[in-house]
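Worksheet for the structure shown next.
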């Protein structure tokens, strides 16, 4: 066994004699990323818990405020709206601030919002603080993903961005079941306090790791970078790929439980298992997406992820009566959905770099907004399809959204070629 490892190491080091020190250095060179990126991942875990955990807390929050569950649902909408505004507008507005200042300020806002939320006496104050938390979420993700790509360098930028988003994917797996389970033990207010503490830990870690001498992303007027990004067709087209792809995914995923019940006759426990498979595959997909971007390039990785997503969406139309196939399709959806996160986020940073170096963070923010726009478009599309045509048409319509995403992807590639001398 040892001799086999030695041979593999010699092959990996291109024929050089086996040496533990050089092998370790080679491993570090290939896979290691700066420690600050792990602090980003801890922070995004807190952000992700806040985004997803409320779904599991809805019944107890409704009982606490004596309102209906749909009214509690407005807190989810408020958070998503805050992410869009924070990602697109706040990132541009605060571009004259240093990267360190924006990251710490966004986490401080997020922490204070959750402390206020935990003691809110009315639902509408919760809605307001959820919006504030969403603002911080959008700003933090936009700046952190760009900062991670810069810190790791071009060769490992995709993996660095994937690591930043790994906190979100783990939160996706744990958020809803954890919220439902712990709510009965501690109550929803204690869980929000715990998220605030977690975000505070992320703030402390970043404060110790981020350099003080970081320069502002832009020294011009506040909205100039945003205006320039919106005037750049490669950046806008790249964000459009993200919006169309997530519209495709959420056309089906928003109503996945109803679809599994109606077409495969799954029980509640079986549906929960399928959603767990989605989340577990999402964690794998997020990391794989970063590797694909670094090995194949962001454009080819985007083509591959879109192709996998289309196959999975078509699979939802073919799983009737086959629960094992349905599990596989749902897992593939999760894999493609979060492989796309790291690939698309890395790609828009790359595209912005070709347009102008100071637009990377604003472009990153636009892509965060595009993710959420796609979720809204997909949820609306799926609801309209069910109302007017039935569940059977979800897959074809979702597939049409995914095919549509190829158009801006190809057009953006052509635009970038014109920018490269």
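None of the figures in this text is laboratory data; all of them are computed from the coordinates on show. These numbers were taken from a predicted model, which means no experiment stands behind them. Every residue, glycine among them, receives a Cβ derived from its backbone with ideal geometry; neighbour counts consider all protein chains shown.
Between residue 325 and residue 407, the simple spin-label model (points 7 angstrom out along Cα→Cβ) gives 3.1 nm. When peptides 75-81, 336-342 are ranked by their average number of other Cβ atoms within 10 Å per residue, the highest-first order is 336-342, 75-81. Distance between the pseudo-spin-label points of residue 35 and residue 300 (7 Å out from Cα toward the beta carbon): 3.6 nm.
Taking each residue as 0.36 nm, the span from residue 64 to residue 311 lengthens on full extension beyond its C-alpha to C-alpha distance by 84.6 nm. Taking all Cα-Cα distances within the stretch 34-217, those exceeding 25 Å account for 30%. Evaluated on the stretch 264-384, the Kirkwood hydrodynamic radius is 15.6 Å, with distances taken between all distinct Cα atoms.
Highest mean packing comes first when the peptides 237-245, 46-54, 141-149 are listed by Cβ atoms within 10 Å, giving 141-149, 237-245, 46-54. Counting only Cα atoms, the size of the stretch 50-96 along its three principal axes is 44, 16, 13 Å, in decreasing order. Sorted fewest first by neighbouring Cβ atoms within 10 angstrom, 388, 114, 137, 322 come out as 388, 322, 114, 137. Working note: Cα gyration tensor of the chain, eigenvalues times five, square-rooted, sorted largest first, giving semi-axes of 32, 28, 24 Å. Summed over qualifying helices (DSSP H, 4 residues or more, each -39500 (n - 2.57)) and divided by its residue number, the chain shows a 222 nm mean residue ellipticity of -28000 deg cm²/dmol.
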